[in-house]
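Written below as C-alpha cells is the structure these notes are about.
The values are calculated or read from the model by the stated rules, or taken from the named source; none is laboratory data. Given the structure is predicted, the values throughout are model-derived calculations rather than measurements. Neighbour counts are summed over all protein chains in view; Cβ atoms, including those assigned to glycine, are modelled from backbone coordinates with ideal geometry.
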Amino acid sequence: MNIKPDFLTLSKPAAIEYVVQKSRFIGAASPVFTEEEALSHIRRQRSDYKAASHYCYAYIIGDNAGIMRYQDDGEPGGTAGMPILEALRHQKIVNACVVVTRYFGGILLGAGGLTRAYSHTASEAIKAAGLALVEQSIRLTVLAGYPHWDKLEYLLSQRPVMQVEKEFSTQVLVSMVVRQKEAPALAREMMDITMGTANVEFSNPFPWQWPVADESLNL
C-alpha cells in the first residue's frame, strides 16, 4: 500500500439509517485505498439493498485527493452526490467512500430537503466510522529486567502507544507502535527508568492509523 503519512481517513466501516418524510436513507461509509475498492463498496450496497430507489455516493482517493467522484443516481442534479462529497471534504478526509442508499417513501422532499437529507446521512455515517490520522510511525521494542517492569508499565500507560505486546521470560520484552516523532523521547524515558540497562530497538518507519478523538470532529 503506497500511502503518504499525515492525512485523515476513516477508522473503520460503519452504517447508519435516517428516516425523513417516510423516505429511508442508509449511509454506509468505508475506508478505501483504491478506486476499485470504492467501486466494490458501492456494488456491495447495491447488492445488499436491491429494492432501493437510489444509490448515491462519493469517494476521494489519494493522500492528495487526486481522485474525486460522485453520483446522484437519478436524484435531481446536485442534491445527492455533491452533498456526500462535501461531507468528506469538510473533514478533509481522503481514501474514503460513502454510499447513501434511499428507499423513496412516497413524499417529495424537494431539492433543499434532499440536499439536507443526503448531507446529514453522509455526515452521520462518517461520524459512526470515526476518523484516523495516518502518521509516520515505528515499532519500538524494549528488553528490560523485571525490577524495572512496574515503572515501565506505568510509563506506557501514560503515553500514546498502540498494539502493545508483552513477552515474559528471563526478562520482559515489550513491543509497541509509537509515532516516529515521539519515539526518541520515549526511548530516553525508558533508559532513565532502567538506569541505562534496557535494550531499545526501532523498526523502519511505516504509516499507521491513529484514532482521532470524537470531540475533535466538526460534523
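Summary of computed values
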| item | result |
| --- | --- |
| Only listed residue being buried (at least 18 other Cβ atoms within 10 Å of the Cβ), under 26 Å from ALA29 (Cα atoms) and of a type in the set (A, V, I, L, M, F, W, C), chosen from LEU143, LEU109, LEU152 | LEU109 |
| Candidate set: the range 17-31, residues that are among the aliphatic types (A, V, I, L, M) and crowded, with 23+ Cβ neighbours inside 10 Å; chosen: the one farthest from ALA87 (Cα to Cα) | ALA28 |
| Some residue of the range 94-117 being touching a Phe, Trp or Tyr at 6+ places or on another chain (Cβ under 9 Å) and part of a loop (DSSP other than H, G, I, E, B) | yes |
| Options TYR118, TYR146, TYR154, TYR103; residue that is of a type in the set (Phe, Trp, Tyr) and in contact with a helix residue (DSSP H, G or I) (Cβ under 6 Å, 6 or more places away or on another chain) | TYR118 |
| So GLN71, is it over 18 Å from ALA128 (Cα atoms) and touching a residue at least 60 places away in the same chain (Cβ under 8 Å) | no |
| Selected residue [touching a Ser or Thr at 6+ places or on another chain (Cβ under 8 Å) and either crowded, with 22+ Cβ neighbours inside 10 Å or of a type outside the set (Ser, Thr, Tyr) (or both)] from ILE126, ILE60, ILE84 | ILE84 |
| Any hit, the range 40-63, residues being touching a residue at least 60 places away in the same chain (Cβ under 8 Å) and closer than 13 Å to THR9 by Cα | yes |
| Given (1) assigned to a strand (DSSP E or B); (2) of a type in the set (D, E, K, R); (3) at pLDDT 95 or above, index of the condition GLU135 fails | (3) |
| Unique residue being surrounded by fewer than 19 Cβ atoms within 10 Å (Cβ to Cβ), out of contact with any strand residue (DSSP E or B) (no Cβ under 9 Å at 6 or more places or on another chain) and at negative phi when the list is PHE104, PHE168 | PHE168 |
| Close pairs from the range 17-28: first free of Cβ contacts under 8 Å to residues at least 24 places away in the same chain, partner of a type in the set (Ser, Thr, Tyr), Cβ under 6 Å, at least 6 apart | none |
| The range 180-219, subset modelled with pLDDT of 95 or more and in a strand (DSSP E or B), residue farthest from GLN91 (Cα to Cα) | ASN199 |
